[in-house]
Amino acid sequence: MNRSILIVTPFFAPQSHAAVFRAYKLIKYLPQHGWKVHVITVDTNYNYNEDLGLLEALPPDVEVHRTRYVEPSIRGLRMALGGKDRTFKTVKATNGQQHNFKNNGHNTEQSLNLSRRLYNYIRATWFLSPDAYWTWEKPTVQKACEVIRQHQIPLVFTSADPFTSHRIGYQIKQATNISWVADFRDPHTHSYNMHSRNHRIYGKQRQAEQLAVTHADVVTTAAESIALILTETYGLKSNHPIRFIPTGLDENLLDSEMTIEPLAFPYLIFIGEFLPVYGELFFSIFAKVIENPEVRATGIKLLFIGRKDVNKPNLIPYIEKHNLHQFVEIMDHVPQQVLYKYVQDAKATLLVPGKRKYWWTLYAKLVDYIALHKPTIAIVPETSEARTHLQKSGLGIFLDDEQRGVDKLTQFLLTDELEQDLDEDYCNRFLATSQVKEYVTLFDELLKKE
C-alpha cells in the first residue's frame, strides 16, 4: 500500500498565523504513522509574520514544493517585475515603514484616501475572483499532477480558505482520479465577512465551495457546525461523507527548552487580533470588577498578544473610556511555543467575540485553551460551537450579561473556582496526536477503497 499524500495549502511554514497550523500539524506528524508527505505551497508570503523554527521542526523526509504566486495587486506586480520587497515581514523589519500612494509629490489626505478607495474597489471587483490566490491556481495544478504521477500518490488533501484551494483540488481530482479530502476550516460563503460583496465573485466562490462539497471523496471540518451549514446549504443527504475532526494543540511544543521571563503580575490573556465588532462588554465588566479592593489587590491585568499594529488602535478607545491604562499590557506576535508558555502561566484565557458573533466556529485558540486545561472567560452566543465545547470540557466561565458577569468574574478571580468539573478525557481530544490519529484512520479507509 502506497501511504503517500499530497497536501495543498497556501498557508504554510514559515508563516505563523492561525490558518497555518491545522495542515501543518498533519504534515509534521503524519510521517510518524508511516506516511510520506509532499506539500505544495506558495513561494512568496506577502502578508504574515514568519517563524523559521516551524520549518526546522518538520521531519527531514517531508518534501515541500513552492509554486509561483504573484499577489494580484500593485505590490505583487511590482515585486514580480523586480521591484523592492514590500512584504509585511520586510516592512515590519524596517521599523514599520509604510509605502503610500504618491500623487506627483503633492499628496493630500483626501487625494490619498480617494486613490486608495478607488484602488481597493477595482481590486475587490476585478482582481480578487474568487480570491487573492487565483494566480496560484494554474502553476499549482500543474505541479501537483507532476508530483502525483512521479510518486504514484493516491491521496490529496486541500485546506480552505482560500476558495482557490477548492478549485485546485477539483482540477487535480479530474486530472488524476486521485482520492480527495477537502478540509473546511470555516463556512466561508455562509459568513458575511468571509466572502465577496460582489455578486459575480460571490457566485464563483459558491461554485468553488460546491465543487469541494460534491466532488471530494470526503469533506472534513474544523467544527461540527460547519458540517451542518454545508448540509443545509447544498442539500446534502444524511449519509454524505463529512467528518468533524478538531484541530489539536501541538503538545511537543510544551516540551520546548525555550524559557520566558515570568511576568510580575497575574493576568488574563487574549490571543490574536481584537476586532471592533467584539464590542466593549468585557471591558465594562472588567472595569467594574477591579473596583473591588480585593480584586485590585491581586494585581490582575489583561494581556493581549497578537499583531500590535492591529490590537493597539482597536483597544485604546476601550482602555481610555474605562480608564484601564494600568491594567492592560499589549504584546506583539510571538512564536507558538512562547505563546503556549504565556497561556500556561495565565490565570485564565479570554474568548470575548460577543453574544451574536461567530456561533459556528471552534476557534483555533480555544482548541489550545481546552487542551491546556485553562479556564476560559467567555462572551459567546448561547447556542454556539465555542460554548458547547467549553461546557463539555468544564472550562467555561460565561459572562452572559453585565451584572451577572461582574459577579462571576469577581468570584473566579478571588477563588479560582470553575462552574463545572474538568473533563480531562474530553480535553485530550484537542491534542495534535488525536487530530492526526483521526486523519490517519480516514486516510487508511480511503486507501482500502482504491
query = Where does the range 182-328 land on Rg(C-alpha)/(2.2 N^0.38 Å)?
reply = 1.47
message = Can you give the log10 of the normalised intensity I(q)/I(0) at q = 0.06, 0.07, 0.08 Å⁻¹, computed with Debye over equal Cα scatterers of the chain?
response = -0.28, -0.38, -0.50
Low-density loop cleavage sites - GluC sites (Glu not before Pro) in the range 367-402, where at most 10 other Cβ are within 10 Å (DSSP) = Glu382
query = When all alpha-carbon pairs of the range 138-223 are counted, what percent fall beyond 18 Å?
reply = 41
request  = Normalise the Debye intensity by I(0) for the range 163-202, one equal point scatterer per Cα, no solvent, then take log10 at q = 0.29 Å⁻¹ and round to two decimals.
outcome  = -0.97
note = Expected vector for the range 139-147, Karplus 3J(HN,Hα) from phi with 6.51, -1.76, 1.60 and θ = phi - 60°, integer Hz, x for Gly and Pro, equals x, 6, 4, 4, 5, 4, 4, 5, 5
query = Over the range 392-435, what lengths in whole Å, largest first, do the semi-axes of the equivalent ellipsoid take, defined as the square roots of 5 times the eigenvalues of the alpha-carbon gyration tensor?
reply = 27, 11, 8
ask   = What accessible area, in Å² to the nearest ten, does a 1.4 Å probe give for Ile27?
value = 0
inquiry  = Assuming 0.36 nm per residue, please report the length gained on full extension of the stretch Ala93 to Asp332 beyond their Cα-Cα distance.
reply    = 84.7 nm
query = Where the only charges are on Cβ atoms (+1 Lys, Arg; -1 Asp, Glu), what is the dipole of the range 1-73 about its Cα centre, to the nearest 20 debye?
reply = 320
query = Whole-Å semi-axes of the range 256-329's equivalent ellipsoid, largest first, each the root of 5 times a Cα gyration tensor eigenvalue?
reply = 21, 19, 9
request  = Could you look at the range 286-339 and say what percent of its accessible area is carbon and sulfur, using a 1.4 Å probe and all protein chains?
outcome  = 50
request  = Name the residues whose placed amide hydrogens come within less than 5 Å of the amide hydrogen of Val328, ignoring near sequence neighbours (fewer than 5 apart) on the same chain.
outcome  = Leu302
ask   = Over the chain, what is the relative contact order in whole percent, taking alpha-carbon pairs under 8 Å and six or more residues apart?
value = 13
task = Return the carbon/sulfur percentage of the accessible area of the range 345-384, one whole number, probe 1.4 Å, all protein chains in place.
result = 49
ask   = Percent relative contact order of the range 312-437, based on C-alpha pairs within less than 8 angstrom and at least six residues apart?
value = 20
task = Evaluate the relative contact order of the range 1-83 (contact order divided by residue number), counting alpha-carbon pairs under 8 angstrom at least 6 apart; express in whole percent.
result = 32
inquiry  = How are the alpha carbon pair distances in the range 295-395 distributed across 5 Å bins from zero to the largest one, expressed in percent?
reply    = 2, 11, 20, 22, 21, 18, 6, 0
inquiry  = List residues of the range 331-354, by number, whose backbone nitrogen lies under 17 Å from a label position 7 Å along Cα→C-beta of Thr259.
reply    = 338-339, 341-342, 345
Normalised convex hull volume, the range 296-337, alpha-carbon set, Å³ per residue = 63
task = Quick one: pull the percent of accessible area on the range 231-275 belonging to carbon and sulfur, 1.4 Å probe, ligands and nucleic acids left out.
result = 49
ask   = Which links in Lys28/Lys143; Lys138/Lys237; Lys312/Lys365; Lys288/Lys347; Lys25/Lys355 stretch past 29 Å when you go from one Cα to the other?
value = Lys138/Lys237; Lys25/Lys355
remark   = Rounded to the nearest whole number, the Stokes-Einstein translational diffusion coefficient of the range 322-450 at 37 °C and 0.692 mPa s (Kirkwood radius, C-alpha pairs) in µm²/s is 199
key: Hz values of 3J(HN,Hα) by residue in the range 330-342 - Karplus curve (6.51, -1.76, 1.60), Gly and Pro given as x   = 10, 10, 6, 3, 10, x, 4, 5, 5, 4, 4, 5, 5
ask   = Per the helix-only calculation at 222 nm, which mean residue ellipticity applies to the chain, given -39500 (n - 2.57) for every DSSP H run of n ≥ 4 and division by its residues, nearest 500 deg cm²/dmol?
value = -12500 deg cm²/dmol
request  = Counting only heavy atoms of the protein chains, get the accessible area per residue of the chain (1.4 Å probe) and round it to a whole Å² value.
outcome  = 46
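The values are calculated or read from the model by the stated rules, or taken from the named source; none is laboratory data. Note that this is a predicted model, so its numbers are computed, not measured. Neighbour counts run over all protein chains shown; Cβ positions are idealised from the backbone, glycine included. Side chains are part of the model used for accessible areas, which takes the heavy atoms of the whole protein and leaves out ligands, DNA and RNA. Shrake-Rupley method; radii C 1.70, N 1.55, O 1.52, S 1.80 Å.
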